[in-house]
Structures are given as C-alpha cells and as structure tokens.
Amino acid sequence: MSTNLIAGALFHVNGIVAVVTGGGSGIGLMITRALVANGAHRVFIVGRREDVLRKAAEDINPEIVTPISGDITSQESLIQVVERVKVEIGYVNLLIANAGIMGPRPLKNAPDAPPPSIAEYRAHALKTPMEDFTRTYAVNTTGVYYTTLAFLELLDAGNKTANMGPDWRSQVIATSSIGGFSRLNGASFAYNSSKAAVAHMMKMMATTFVPFKIRCNVLAPGIFPSDLAGGIMSSLDPGKSGIQFLAEPFHRMFFLDNLAIGYPHAEIERVSVAWLFIYAGAVPLGTLVAWALVVRPGTHKAHVTILGWFISMILTLFITDVIKNAVGRPRPDLIARCKPAPGTPAHQLVTFEVCTEPNHHVLHDGWRSFPSGHSSFSFSGLGYLALFIAGQCHVYRPRADLARVLLALAPLLGAALIAISRCEDYRHDVYDVSVGSVLGMAVAHYTYRRYYPALRNKGCATPYPNPADETKGFGKVKDEEEALRGVQEFELDDLSEEEEGSRDSRPLNGRR
C-alpha cells in the first residue's frame, strides 16, 4: 500500500506555511492552535488588533506563529501583508480566509412576548445605516475575495516547493457559516446572506483556479470554534475541493410540557460510545482475525470476509449519521439537555434558541434521536458476525446441531442488549431502537451477501470466487451460474453420507 494513503499522511500538516486572517481570536485562534499542534512550519496570523495577535502568538508558540497587523477590507493593507510574508518565507501552502464580523440584527421579540408590529419592525430596521449592512459584506465576502487574489502568487509558489510532496496542492479555505443556509427568524440578514455568498463564491473559485492547481474549500461551522479544528484537518485531504459542512442536525420545534421528551439526562450511559466500539467493533473484528489466523482459510476468503465487515460498519455509520441530521428528532431527554431559559412558555412551540446549555455537543445531540446509532452500529458489526458464523456452521442444514444455532445467535443477543440499553438510558425510544436495529442488520446482510451465497445454499461457507481468477486477460467473466459452486439449497432429506451409511447398516427389528 502506498504510504501516502495512510491516515497520518493524508491529514497531517507537517511543514506547511499557512496564513490565517482573523487568527487572533475565536475560530481563527482555534484554527491556528490546530495547525501548530499538528506540525505546521509557520503560521502567519493577520488582524487589525496587533495586541491581540501578539498575545495569541506568545500563548501558542512565538517561534512558529507570526502576527501581522492588516486590514482585509483595504487592498493596500493586503498587499503589505503579502509582501511581508513574501520577504520572510517566499511561499504559502494554505490560506485560511477566516476574518468576519456579525451584521446588524432585525427586531426580535422575547420568547414569552408578543411579536412586534410591522411599524416597530420597520422602524428598528431603518435605524441601521446602510453602511453597517454593506460593511458586513465588505469583510465577510469582499474581503475573502481580495484576500485570495492577493495571495495567488504565493500559493502558486507553494505548489512549486518540494517540502509537501508530489500530491500536495496549495489551497484556500474560507470560513462560511451554517447561518448561510439557515432562514431562522431573528437572524442577521447581512451576516447570513454574506456567508451564503462566500459559499457560492468559493464554488466558483474551486472551478476557476483548477488550471493553477490551487484548490478551494469552504467550511460552514456553527458558532462554536471547537467545531472547526477537526474540519480544517479533514479538509486538507488532497482529493477534496468544494463545500464541506460540519453538520448540525435539523432542530425540530418542541413544547416544554411534552412528556415524551421530559426524561432525565443520564450523565453515565450503560454502554458508552467507547464500549460500543469495543463490543460491536473490536470484538467482531478480533473474532474474524483470530478465525483467519487459526483456520487459515486462504487469502481470498479471509480478505472478502474482513473487507465485508469493514464495509458494513462504514456504510452503517454514514447512513445513520445522514438520517439523524436530516430528521432532527428530539431525544427523550431533550428538555433536560436544553435547560430552557426562565420564563419560556410551556404551551407554545419553541426553538432551540430558548436553550441555555453551554455544551455544544450535549445540546445539539439532543436532536439526533432517530435512528439509534448504538442500535444500527451494534447490529451492523455483530449482525455481520452472526451471519458469518451461521454460514460457516451451516445452520440451515436439516437437523443442524442446536449448539451451532445458538453460537450464531449469540452476537445478535449482544446487539439486542446494547440496543435495549438506549431505552434504559432514555437516549431513545422503542421506535428509534427498532428502526436502528433493522437498518444495521439490513446493511450487514447486504454486505455479507455481496461476498457469500445465501445461508440456505449448500456452499454458504464458501465466498463467491474472485472475478480476477475467473478471467483471462480482458476476457469475459464466466457466467455466474457456472462460476458459483454449490448453488443448490439444502433439502429436507439432505444428510451426510456417514448418516446415510449408518442408517443402512442398522439391523431390522434389532437384527441383521
């Protein structure tokens, strides 16, 4: 395997030179910390407040982080920043156009107050000078555009340096916002629309700069800086270009007097995420690896068996996460997580904005109830193991030993206990757990059947042959019906020769 496909090689930032605008505080500061912690050679942080930049550089690592005072809304200032970087090091591998400001907000009523009249709304909006609205665009959109243009030559020089390897391409990452894709009442029209403009502008740049081998990405985080650290690292994958979302779930509105979401929040789970990965991940994988080492079934059989398990797990994780975020169903313990502000009406539909819980993960995970991830993950991993054991033990063979059947059912029992624990912790209800379990088992069955015949097939213990072994050069693959061995199903009178022989040798009426 090529070493550049290892995770550490794909996502590291060893030796890069980066420029982060707005790098002295908030999201920019978190990005700078992440780059330095993961091996960046130099990080130039740009902003208008020189004292803030200097403090950030001293707190992180003044030998790596260099503060530069500059204003991204001024072309003259941007050129000066570029010249400074050019003199000090001469190239840039990564430009993060992060600087941004909040815009003026429209009039918004309190949760327990009546909505403003149209006259009040209009009067409040017109108090904001047009210059304030336009300035939001000047920083959040126009500033990103001109910052990118100013650094193009240094980014091109970054492509020509040998320190990052042949697969590296210089790139620009702009910070948009999940607000650019939201239309919640009370949000800033200037801020949200400017961030939406950044997202589309970076799509255009991703296409325009292809001839220059400069990639462009845009991240759309929530308002929490810690969300962006992992996103920045994953976006450095050389194969990615375009928009990447640090997804938050859809937030359904809810009533505070809804008993179905009023259960207590369990701080300690019966099966934590770490133990889930052990029970449903490490145990099945360890079992399959041990089987391959002890039985030595052959390279092809061992390969497709373990590969199928990996595909089952990854596919289940992806499907479950997408559905969770799209549905946004509240968990049974949502209100305990939310900690609604005092005075929030109990009999009116409210949004997540009434919540006071400061922990981002605890709060927003409250809208990720359907389907149960523990259930789908456990049935995907342990369910695949159960199918494999059933196939190897021929459990559908007539008069199969009960011990073989119980051995095949054991992983399913473990998966069911994990799923049930989610109801006991009030993380999910029966509906979430049932659908998650069916989803995980369905994916496990699908991936298992990609490589193995049905369990009723006489050859269920043998995987489908490798297509490469069934071809000659570019010849056509043999007909599947001919290529598969043992296509017949078990019959009710399908007994082994030994059993038949023992039956024939028995005396009639106890005598020969």
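The values are calculated or read from the model by the stated rules, or taken from the named source; none is laboratory data. Quantities reported herein were computed from a predicted structural model and do not represent experimental measurements. Note that each Cβ is placed from the backbone with ideal geometry, even for glycine, and that neighbours are counted across all protein chains shown.
In table form, for the structure just shown:
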quantity: Residue among ILE101, ILE89 that alone is in contact (Cβ under 8 Å) with a residue 24 or more places away in the chain, out of contact with any helix residue (DSSP H, G or I) (no Cβ under 8 Å at 6 or more places or on another chain) and either surrounded by 13 or more Cβ atoms within 10 Å (Cβ to Cβ) or under 16 Å from ARG48 (Cα atoms) (or both); calculated: ILE89
quantity: In the range 273-288, the residues that are surrounded by 13 or more Cβ atoms within 10 Å (Cβ to Cβ) and either more than 24 Å from the chain's Cα centre (by Cα) or polar (S, T, N, Q) (or both); calculated: THR287, LEU288
quantity: Any hit, the range 371-388, residues being under 23 Å from ARG450 (Cβ atoms) and surrounded by fewer than 21 Cβ atoms within 10 Å (Cβ to Cβ); calculated: no
quantity: Which listed residue is modelled with pLDDT under 90 and either of a type outside the set (D, E, K, R) or under 21 Å from LEU154 (Cβ atoms) (or both), from ALA57, ALA34; calculated: ALA34
quantity: Where GLY239 falls short, out of the listed (1) among the small types (Gly, Ala, Ser); (2) under 30 Å from TRP367 (Cβ atoms); (3) surrounded by fewer than 18 Cβ atoms within 10 Å (Cβ to Cβ); (4) modelled with pLDDT under 50; calculated: (2)
quantity: Search result, residues across the range 302-316 that are hydroxyl-bearing (Ser, Thr, Tyr) and more than 17 Å from GLY373 (Cα to Cα); calculated: THR305
quantity: Selection count where residues are over 30 Å from GLU353 (Cβ atoms) and either out of contact with any Phe, Trp or Tyr (no Cβ under 8 Å at 6 or more places or on another chain) or loosely packed, with under 12 Cβ neighbours inside 10 Å (or both), scope the range 204-223; calculated: 11
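One line per residue, one yes/no per condition, for (1) in contact with a Phe, Trp or Tyr (Cβ under 8 Å, 6 or more places away or on another chain); (2) of a type in the set (A, V, I, L, M); (3) closer than 25 Å to PRO284 by Cα; (4) at pLDDT 95 or above:
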position	(1), (2), (3), (4)
VAL327	yes, yes, no, no
ARG331	yes, no, no, yes
GLN348	yes, no, no, no
PRO358	no, no, no, no
LEU363	yes, yes, no, no
ARG368	no, no, no, no
SER376	no, no, yes, yes
SER380	no, no, yes, yes
TYR396	yes, no, yes, no
